[in-house]
Each structure stands twice: as C-alpha cells, then as structure tokens.
1. Going by how many other beta carbons lie within 10 Å of each one, how would you line up 128, 198, 56, fewest first?
2. Order by neighbour count: 446, 223, 86, fewest other Cβ atoms within 10 Å first, most last.
3. Which stretch or stretches of the range 426-453 have amide N atoms under 13 Å from the point lying 7 Å from residue 483's Cα along the Cα→Cβ direction?
4. To the nearest 0.05, how large is the calculated FRET efficiency for residue 214 and residue 90 if R₀ is 30 Å and r is the Cβ-Cβ distance?
5. Have a look at the DSSP beta bridges in the chain and tell me what percent are antiparallel, nearest 5.
6. For the pair residue 234/residue 181, report the inter-label distance in nm, with labels modelled 7 Å from Cα in the Cβ direction.
7. Expected output is a single nm value to one decimal: the length gained when fully extending between residue 206 and residue 189, i.e. 0.36 nm times separation in residues minus the C-alpha distance. What is it?
8. To the nearest 10 degrees, how steep is helix 316-344 against the longest Cα principal axis of the chain, on a 0 to 90 scale?
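Every number in this text was worked out from the coordinates using simple rules, so none of it is lab data. Keep in mind the model is a prediction, meaning the values are calculated, not measured. Cβ coordinates were reconstructed from backbone atoms using ideal geometry, including for glycine residues, and neighbour counts include every protein chain displayed.
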C-alpha cells in the first residue's frame, strides 16, 4: 500500500505541474518542440531511420526513441502538442513515487514519504520540465530511480522475478535517454555500498556479477543502432554552454545552472557529512561527485573524467541528480528537525501537538513558492521570442515551387522546429546538434543558425554558412529579428516582402535546386529493432511491475522467491 503522504505528494505534483502544463509553459521551453519534431517523425513513418527535414537529412537513431515513440502513439488522437503535454504531465506526476521507491532502499516509510513530498514541489524538476523541456531525460531518470529500487531488491533477496524486473527497467531507461548512462552508475554504486554494509557481502557480490552480466547487454541491445551510430562519430567544434562556465567568474551561469537546482534545499548540504551511518557513504560520495560535476567548468573534474569530450557535455544533468539525492537526505533530516522544534521551541499559542504540522506547512510552502514562482520566469528572463504565427510562412512555402527549395529562419528561437513540422520544405538548420553532418555546421561552434544572435559568437558566426548556402539549395530566409539583415545583405540576399505576420521574406539569388537527400544504406534489422525493442522493454517493465503491485496488495508478506 502506498503511504498517505506519498499519495498526497502525487496529488500535489499533479496539481502543481498541471498549472504549468494547462497554461502551456512547455511551449516556451528550449527543447519541447525538438521532441515533438522527433515524435512527428515516428508518427509519419514509424520504422524510418532517416529524416530529410533537418541538415539535408540525418539519422534519427542518433537519439534513443522511446519517449518520442510514446508521444507519436498519441499524435493521431490529440496532435503532437497535446501528446507531448500529456506525457510530460504523467512523468512529472509520478516523480514522488520514484523518489519514494529510491529512498525506501535506504530508510523507512516516514523519511521516504517526506522525500517524496519534497520532490512533488522541488524546483529542479520544474525547471528541467517546463523551462529546459528535457522530457526524455526526466523520463529516463524516473525509470532509473525505479531501476535502483529493483536492483537493490535483487541484490538483497535474489529471485528470478526481481532479476527480470531490474534488467527490464535498465533496458527501458536506456531506451528513453542515453545521458543517464553518465549519472546512473553513481546511484547504482550507492546501492551496492549500502547492500555490502547491511547484507551478506558474498551473496551481494555474486548477485551483482549476475546483474551486470545481463544488464549491460540489455542496455546495449535495446538501442543497438544508437551505439553503432555513435561509434562512427567525431567530436564537433564545441558549442558554448553556460553550464560549462566558471560559476565564480561568470555571475550569470549560477543563476541558470546552480540556484534553480539547489534552492531552497541547499540548506541541508552542511549536514550531509555529519555523523551519518557508514551504510550511507555511497550516497554521500555520489552526491559529492555529482555536485562537483554539476559545477561544470568551475572545477577541473569534468576535464579529468571526460577528457576532450567534457566540452561537448552539459552539466545541468549532474546537478539535477545531485538535487534528487538531497531530497533523500531531506526526508531524514526533516524528521529530526520536526522533533527538535517540537521539543525545544515554543510556538505560542500553538499546542505542542500542532507544532510539527506548523513547521511542515512552513517548510513545504517555501518549496511550493519557489517552484510555482518559476512559472513567472519567462516574464522576467525571456527564454524565447514572442510566439510566431506560422501559417503565413507555411502558405508561402506551399505556393508554386517554393517548397522545392530549402529555407532558413532567423530569430525564431527554438519554436522554429514547430515550423519544420508544418511544411514539407526542408532546412539545413535543426535543434539536435549531435546529429548534424554538414562541415560548415560542425565547425561553426554554434548550435542553431536561427539562434546565433543569442550566442557568444554572435551573428557573424553564420557568415561561412551563408556563403555556401546556395550550394545547399537554400533560397528562402524568414527573418524575425532585424539584426540578421546586415549579414544577409553582405552575402547577397535580397528582400522579397513582409508576410502578414510581420515576418520578412528574403531570397538567396545564388540558390540552386537541391539534390534529393540520400539516406545511408538500409538496414532492415536496425529498422525493425528500433521500432519494436524500446516499446517491448517498456511493456515488459509495466507487466512485471503491475504483477508485483497486484501481489503486494493481495497478500502479506511477500511470497518467497528462489534466490539466484
């Protein structure tokens, strides 16, 4: 049975995240339209591994597909916008349950329930979901929390059922997002150290060997085309990212990548290394490493661990995981804090029995205010241009032979991916930089051509791209910010007209009809596995988890399992 406080936490998450979702705050996030674009690809052609709309064509196996495929399943019913919103709402609502399951590995129901309650209104989850728009990463992290709980259960008790559930969740996690591979080992390490300190170490190590023997291949096989694609990739020129800056020399960086992840839970960090049982040392060590990595270029640790690749990674993911570990410690410390307040502090005219509830209300009100306050972020710190009516642009591209040519947008922000879904015309731009193959883009040091205005290198960085744009069949330019006009003029572009949404249309007279996009040689096995294995792993996980839930609610104690 799920404790009452956890049910309350799930309801609170449902309501608070619902405020953001029902007011469509996700449309102002950085990555939401990118994930809708991928989902739109699968909705149009489920087994296709090639999309022609970005970069003159790119391989979709460059991004694990599970979350995009789940959105795609809903698109025929509700459209890509609402499909994304529904899945985002579901994932964020379930986070308290994931935190509870993870915390129960180490502590009892009460402390775990408070950790779950904190996670319902933790600021980093709201920032990651509604400002950064990182739905696949959020989903994979949620699976990883459940996976840690299943792994702990297997290491402790053995059993074929526990083994299968742990393996299936690991595979599902990898199918949702590959970046969890960087942070998940820290959590598994904490689980292993805890088990070694509390249970028979010989049995724990033998079960760990069996687990790893199957978990590693499962994580590889479920998205093996992705790993195959990655083996042939070379690092691009690094793209500047605030999470890599030194937080002491760049005061803006911590405003985006430190305080949103640790306020107000930062207050408990001083207590993390004070007289804790030895069994928690794995969690303490994992938090410390994740916390330091989350500081990006503030310390040399990322460079030491990742070598040259450190300049291609973003470090908000590590800060996010560090904050989740803080939620666990919060659950324990909050119990002690309530007892201390109850016994030491007089809160007149409240009777002693109500003091604990008063402290709970004050504490969680701070969490709620911080999280709900992030709803106003787009007003104080605009992350995107004003929404653009795309219909006039789509109508223009549908006229005559306009869609035979490629186009670029200038100053649309991340919503330009929304336009990419609405037209059959293609572009050499895109918002998943890892997948691009054009040399001019890979060497540019910028993410999108469209958003160059907001980057450190600025608009001049797109000059080499504009100089060869005609060779790629780019004839049309849609301008939302006038700052791009001087660069267009220098490269011979000419003004055509204003659309009725006040977007300027510019034309590249040097453009030639682009050649058809040629996909790589077809691999039927890759197409089949990419379209089936991720959803199969999720289905298996749901079936196994549901059977456990039904068993737990049917009888007590747990039915005995035959150890492996």
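1. By the 10 Å Cβ count, ascending, the order reads 198, 56, 128.
2. Ranking 446, 223, 86 by Cβ neighbours within 10 Å, fewest first, gives 86, 446, 223.
3. Answer for this model: 450-453.
4. Once the sixth-power term is evaluated, E becomes 0.55.
5. 60 percent
6. Result for the modelled spin labels: 2.1 nm.
7. Stretched fully, the residue 206-residue 189 segment lengthens by 4.6 nm.
8. Orientation of helix 316-344: about 30 degrees from the principal axis.
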